[in-house]
């Protein structure tokens, strides 16, 4: 592993864990238990990059779907707590995908010596991971956009409404990240192309981390920027939890 790759993996690990901890702390203080699962998802992803940094690459195949399970739980508790959704089907697929990735990675790293067959096994594992990432991220992106469309006419501060739009955009970015996994393993045969894809993935991951920091940690300057000029018709400002917003949406309240 080159020094550049080591710096990349360590930097992503630190950023993921820092933002994940901040999100969990904010969720705990605000009694938003659903958001805790998103924070755990982000920290889990950071740990995976740290394992790669330590050259325990095979462990990432074993653990990376664990983070996706937490993401699915977050989506379920945030947007589908009181209505039906595809959660169970997606959860089963994610678990099965994780088992397949684990088996293929163990075979590829420890039981095969032919480099071309090793690449094939790991690429198949990456394909399963890519599909699972796209399913998970597209689902929470869809749920976030649906929530935004449902509440954008509500008398709520702009930040509360726009954060779903921003969160949905972050989901699309990660879905594209998943797509890149389809081409990432073959591209490793070409150093230049592989490097370009690595930087693309790094850029998307960085934007995802920043967007989720702004959405769920919500520093005051950012919140004030989005709420500039807003005056509530009721004369008071209130922040509703995701659960309360979804209940209002289901009931058709304004």
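The values are calculated or read from the model by the stated rules, or taken from the named source; none is laboratory data. Keep in mind that what you see is a predicted model, and the values were worked out from it rather than measured. Positions of Cβ are generated from backbone atoms using ideal geometry, with glycine treated the same way; all protein chains shown enter the neighbour counts.
Summary of computed values
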item: Residue list for segment 143-164, restricted to those being in contact (Cβ under 8 Å) with a residue 24 or more places away in the chain, outside any loop (DSSP other than H, G, I, E, B) and either surrounded by fewer than 16 Cβ atoms within 10 Å (Cβ to Cβ) or touching a helix residue (DSSP H, G or I) at 6+ places or on another chain (Cβ under 6 Å) (or both); result: 143, 144, 146, 147, 150, 151, 158, 159, 162, 163
item: Selection from segment 56-73 of residues that are surrounded by fewer than 17 Cβ atoms within 10 Å (Cβ to Cβ) and either in a loop (DSSP other than H, G, I, E, B) or at pLDDT 90 or above (or both); result: 56
item: Residue 51 being in a helix (DSSP H, G or I) and within 24 Å of residue 96 (Cβ to Cβ); result: yes
item: Meets criteria (surrounded by fewer than 16 Cβ atoms within 10 Å (Cβ to Cβ) and farther than 16 Å from residue 60 by Cβ) for residue 115; result: yes
item: Filter result for the condition that a residue is over 25 Å from residue 15 (Cα atoms) and surrounded by fewer than 18 Cβ atoms within 10 Å (Cβ to Cβ), over 76, 83; result: 83
item: Residue within segment 203-218 that is modelled with pLDDT of 70 or more, touching a helix residue (DSSP H, G or I) at 6+ places or on another chain (Cβ under 9 Å) and over 26 Å from residue 135 (Cβ atoms) present; result: yes
item: Pairs where the first residue, in segment 179-199, is within 23 Å of residue 138 (Cβ to Cβ) and the second is modelled with pLDDT under 65, C-beta under 8 Å, 6+ apart; result: 197/187
item: Index of the failed condition, residue 139 passing every other in (1) under 23 Å from the mean Cα position of the chain (by Cα); (2) more than 30 Å from residue 225 (Cα to Cα); result: (2)
item: Sole exception among (1) surrounded by fewer than 20 Cβ atoms within 10 Å (Cβ to Cβ); (2) in a helix (DSSP H, G or I); (3) in contact (Cβ under 8 Å) with a residue 40 or more places away in the chain for residue 89, by number; result: (3)
item: Residues of segment 1-44 classified as assigned to a helix (DSSP H, G or I) and either in contact with a strand residue (DSSP E or B) (Cβ under 9 Å, 6 or more places away or on another chain) or within 19 Å of residue 77 (Cβ to Cβ) (or both), total; result: 20
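For (1) at pLDDT 85 or above; (2) out of contact with any strand residue (DSSP E or B) (no Cβ under 6 Å at 6 or more places or on another chain); (3) surrounded by 13 or more Cβ atoms within 10 Å (Cβ to Cβ), each residue gets a yes or a no:
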position	(1), (2), (3)
193	no, yes, yes
227	yes, yes, yes
231	no, yes, no
241	no, yes, yes
244	no, yes, no
